[in-house]
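Novice: Below is one structure. I have some questions about it.
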Amino acid sequence: MPATSGHASHSSPLLEEQVVDLIPALRAFARTFTSASFEADDLVQETLLRALRSINQFEPGTSLKSWLFTIMRNAFRTQYKISHTRKPWQHQLRGTADPYGTAAGMVGPQRRAAHRTRSALPRAP
């Protein structure tokens, strides 16, 4: 069956296996964008989702690692752009200019605990 996207179908178990083998490198690269391990894992997951969704666009003979790193860089830029284009009033809904604690230097467990606390406030008596 001919490919409709203009690219031959390159998806194969071998290629997908190579993607899986690169997960440790992706995780290390993600940590260059964020110091929070859960955010790095989210970025790896988003990268893998995008890569597997468009695996047929990968050109054989090129570097799979470079292709995945480019996808990750673009995913990070998109997430960064979205998070930094919110209106100031959107960050003040709970009376704080930084609802997730990033400016205060909170990371990992501190940020999750702060988020859980803010989420529980409306239910408090």
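Just so you know, all these numbers are worked out from the coordinates, no wet-lab data involved. Just so you know, these numbers come straight off a predicted model, no measurement behind them. Cβ sites come from the backbone with ideal geometry, for glycine too, and all protein chains shown count toward neighbours.
Novice: Is it the case, given these coordinates, that residue 52 is surrounded by 16 or more Cβ atoms within 10 Å (Cβ to Cβ), of a type in the set (A, V, I, L, M) and not in a loop (DSSP other than H, G, I, E, B)?
Specialist: Working: surrounded by 16 or more Cβ atoms within 10 Å (Cβ to Cβ): no; of a type in the set (A, V, I, L, M): yes; not in a loop (DSSP other than H, G, I, E, B): yes.
When the stated conditions are applied, residue 52 does not pass them.
Novice: If the Cβ limit is 8 Å and pairs must be 6+ apart or interchain, which residue in the range 27-44 that is touching a residue at least 60 places away in the same chain (Cβ under 8 Å) pairs with which residue that is of a type outside the set (A, V, I, L, M) and surrounded by 14 or more Cβ atoms within 10 Å (Cβ to Cβ)?
Specialist: These pairs meet every condition: 36/111; 37/31; 38/112.
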